[in-house]
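Student: One structure, as structure tokens, below. Some questions next.
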Amino acid sequence: MITQDKELAIQALKKGEIVGLPTETVYGLAANALDARAVAKIYELKKRPVDHPLIVHVSDFKQAFDLASEFPEIAQGLAEKFWPGPLTLVLPKSEVVPDLTTGGLPSVAIRFPAHPIAREVIRGAGFPLAAPSANPFGSISPTTAEHVESSFGKEAPLILDGGACQVGVESTIVGFLEGKPILLRLGGISREELEEVIGPLGVASSTAKAVAPGMLEKHYSPRTRLFWERPEETLPPSPGGRGALCFRGTEPSLAFTDIEVLSKDGDLREAAANLYSALRRLDALSLDYIVAYAFPSQGLGLAINDRLKRASSQK
Ligand code: TXA
Ligand code: MG
């Protein structure tokens, strides 16, 4: 059921239930992060492997400090600059965090979302909320309450409607290895913005990759075959029609049944906000395939390209 009643959502969370929660990035499937039984319901509904850790959402700095056993100075600097907002910090976990929440890892991913409804619900519940994106494992992330409902059908939990997400791609994840910051997932805060604050960022090693499923080769995928950065002359015939997903609309030189233009004015933030809805609309047309054109390799364009590349992976 979709509702606008925050109190109803808070009561459900207090009873150990799952709630679909709007954030500025994507909708999350939220439950009490400190209650392993509530967290187990998230893995079950999402069909997510239990060794894939969740992000824990807080509504103030104190709550964040309580979740971590250490909070390096660089992490504090990033938190001060970008929280509340689409940045997740991976830090050594404190004892209050159940192992199930972190997929058995000794670290915890912490995020202080900017969405006023998310903040109000966390505050009202009185505990931090574990919340992965509210989509079945591996599929397209939701940016409206209706996306969440249609992803889960009859099994959909109570969903709090907060309108369309303003950022539209998941949070950027930064981890700390031996005190040094490394970028684990591109997202709503660009690499350039981070580097302005803390200087050059390390690249995720293969071990770091393995612990961040957002880095899986295949992820965020539509049902329809998706081609990314594929030369037009090599595209197969499409008797059932084909769709295009592009930045400004000037890219395709072929005929398409349907074209989704993410930002006519060339604004990468607007494009990010439109990405998942557009992909869902094309996916719903049952076309032979969808062609995604590359976005500029800067700012949020990097996160968009990252998602499209994974969404197109056949692995
Ligand atoms: O914007 C977002 O981050 C959204 C909204 C709902 O807040 N949430 C989200 O959650 O994208 P999810 O579960 O779809 O992605 C969580 C990512 C995964 O890539 C996971 O591997 C990584 O966070 N992660 C969580 N805990 C981690 C940890 N302890 N170490 C490394 N990566 C971790
Ligand atoms: Mg996800």
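FYI, it's all coordinate maths here, none of it is from the lab. All values derive from a computational prediction rather than experimental measurement. Here the Cβ is made from the backbone with ideal geometry for all residues, glycine too, and neighbour counts use every protein chain on show.
Student: I need the full set of residues from segment 217-229 which are more than 15 Å from LEU287 (Cβ to Cβ), loosely packed, with under 15 Cβ neighbours inside 10 Å and out of contact with any Gly (no Cβ under 8 Å at 6 or more places or on another chain), in order please.
Tutor: Hits for segment 217-229 are GLU217, GLU229.
Student: So which of PRO252, PRO239 ends up being of a type outside the set (Ser, Thr, Tyr), more than 21 Å from ARG185 (Cβ to Cβ) and surrounded by fewer than 14 Cβ atoms within 10 Å (Cβ to Cβ)? Give the steps one after another, and end with the answer.
Tutor: Working: PRO252 fails: surrounded by fewer than 14 Cβ atoms within 10 Å (Cβ to Cβ).
Answer to the selection: PRO239.
Student: Any idea how many residues of segment 168-185 are under 17 Å from the mean Cα position of the chain (by Cα) and either over 23 Å from LEU13 (Cβ atoms) or more than 13 Å from ligand 1 (Cβ to nearest atom) (or both)?
Tutor: At the first step, the residues of segment 168-185 found to be under 17 Å from the mean Cα position of the chain (by Cα) are 168-175, 183-185.
Narrowing the set further to residues that are either over 23 Å from LEU13 (Cβ atoms) or more than 13 Å from ligand 1 (Cβ to nearest atom) (or both) leaves 168-169, 172-175, 183-185.
Adding up the residues that qualify gives 9.
Student: Six or more apart or on different chains, Cβ atoms under 9 Å: show the pairs whose first residue is in segment 186-201 and touching a residue at least 24 places away in the same chain (Cβ under 8 Å) and over 24 Å from LYS309 (Cα atoms) and whose second is among the small types (Gly, Ala, Ser) and surrounded by fewer than 17 Cβ atoms within 10 Å (Cβ to Cβ).
Tutor: What qualifies is VAL197/GLY77; ILE198/GLY77.
Student: Tell me, please, whether a residue that is among the polar types (S, T, N, Q), in contact with a strand residue (DSSP E or B) (Cβ under 9 Å, 6 or more places away or on another chain), within 14 Å of ligand 1 (Cβ to nearest atom) and under 18 Å from ARG307 (Cα atoms) can be found in segment 141-151. Show your work before the answer.
Tutor: Here is the first cut: in segment 141-151, the ones among the polar types (S, T, N, Q) are 141, 143-144, 150-151.
From the residues that got through so far, the ones that are in contact with a strand residue (DSSP E or B) (Cβ under 9 Å, 6 or more places away or on another chain) too are 141, 151.
After this cut, where a residue has to be within 14 Å of ligand 1 (Cβ to nearest atom) as well, the list is 141, 151.
Within this subset, residues satisfying the condition of being under 18 Å from ARG307 (Cα atoms) are 141.
Looking for residues that are among the polar types (S, T, N, Q), in contact with a strand residue (DSSP E or B) (Cβ under 9 Å, 6 or more places away or on another chain), within 14 Å of ligand 1 (Cβ to nearest atom) and under 18 Å from ARG307 (Cα atoms), one finds at least one in segment 141-151, hence yes.
Student: Also: Applying the selection to segment 77-102, what residues are surrounded by fewer than 18 Cβ atoms within 10 Å (Cβ to Cβ) and touching a helix residue (DSSP H, G or I) at 6+ places or on another chain (Cβ under 9 Å)? Spell out how you get there, then give the answer.
Tutor: Going through segment 77-102, the residues surrounded by fewer than 18 Cβ atoms within 10 Å (Cβ to Cβ) turn out to be 77, 80-81, 92, 94-96, 99.
Within segment 77-102, GLY77, GLU80, LYS81, SER94, VAL96, ASP99 meet the criteria.
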